[in-house]
Amino acid sequence: MRRAVCPGSFDPIHNGHVEIIARASSLFDEVIVAVSTNYAKKYKFEAADRLEMVQETIGGLRGVSVQPMGEGLLADFCRENGADAIVKGLRSTVDYQYEIPMAVMNRHLTGVETVFLAADNRYTHLSSSLLKEVQSLGGDVSDYLPRTVLKRLNHG
């Protein structure tokens, strides 16, 4: 069985994330969406809320599960969960330049490979930060967010 990990902080999960996770689920037998927490970042949503939103959003995808990543290295999380690969979406060359050193280090640490999926053109401009900012200033982001996330943003 081929298992992959799709890591991210998902603050919040958006349709670009969902598209990458769905594509990963067609390539691997099992996909673990690992919801991470970077303690240097300031989050809009608590870890439990981010986990819940991810579960509500992708719960219908076959072979996809959601777990908190916890503290520690992504490479160790992959080894502990028997994952063969890390799946990352790339929006631009900036993402590529950021992700390559991490991919090489993860392979060095535990042998886990990183698979890059090019983002769909509809989502190359998206980031959770941009969506939160636009929404907070009254902009319509409904085309880019799952309903469950939009509801929380509008009432949070």
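Rolling a 1.4 Å sphere over the protein heavy atoms, what is the accessible area per residue of segment 90-156, to the nearest Å²?
Here the residues of segment 90-156 average 66 Å² of exposed surface.
Filter the trypsin sites (Lys or Arg not before Pro) in segment 31-72 to those in DSSP coil with at most 13 other Cβ atoms within 10 Å of their Cβ, and list the result.
Details: sites: Lys41, Lys42, Lys44, Arg50, Arg62; in loops: Lys41, Lys42, Lys44, Arg62.
Within segment 31-72, the qualifying trypsin sites (Lys or Arg not before Pro) (loop, at most 13 other Cβ atoms within 10 Å) are Lys41, Lys42, Arg62.
For the chain, what number of Lys pairs, 8 or more residues apart or on separate chains, have alpha-carbon atoms under 19 Å from each other?
Working: Lys41/Lys132; Lys42/Lys132; Lys44/Lys132; Lys44/Lys151; Lys132/Lys151.
Value for the chain: 5.
Taking segment 1-58, which chymotrypsin sites (Phe, Trp or Tyr not before Pro) meet the DSSP loop condition and have no more than 10 other C-beta atoms within 10 Å?
Answer by residue number: Tyr39.
Which shape class, rounded, prolate or oblate, goes with segment 62-118 when its Cα gyration tensor gives a ≥ b ≥ c as root eigenvalues, a/c under 1.5 marks rounded, and past that a/b bigger than b/c marks prolate?
In terms of gyration-tensor shape, oblate.
Amide H to amide H, which residues 5 or more places from Phe45 or on other chains are under 5 Å from it, using H placed in the peptide plane?
When sequence neighbours closer than 5 places are left aside, there are no close amide H contacts.
Cα gyration tensor of segment 17-116, axes a ≥ b ≥ c as square roots of the eigenvalues: rounded (a/c below 1.5), prolate (a/b > b/c) or oblate?
rounded
The values are calculated or read from the model by the stated rules, or taken from the named source; none is laboratory data. The model shown is predicted, which means the values in this text are computed figures rather than measured ones. Don't worry about glycine lacking a Cβ; one is built from the backbone with ideal geometry, like all the others, and counts go over all protein chains shown. Each accessible area value is taken on the protein alone, full model and side chains, heavy atoms only, with ligands, DNA and RNA left out. Shrake-Rupley method; radii C 1.70, N 1.55, O 1.52, S 1.80 Å.
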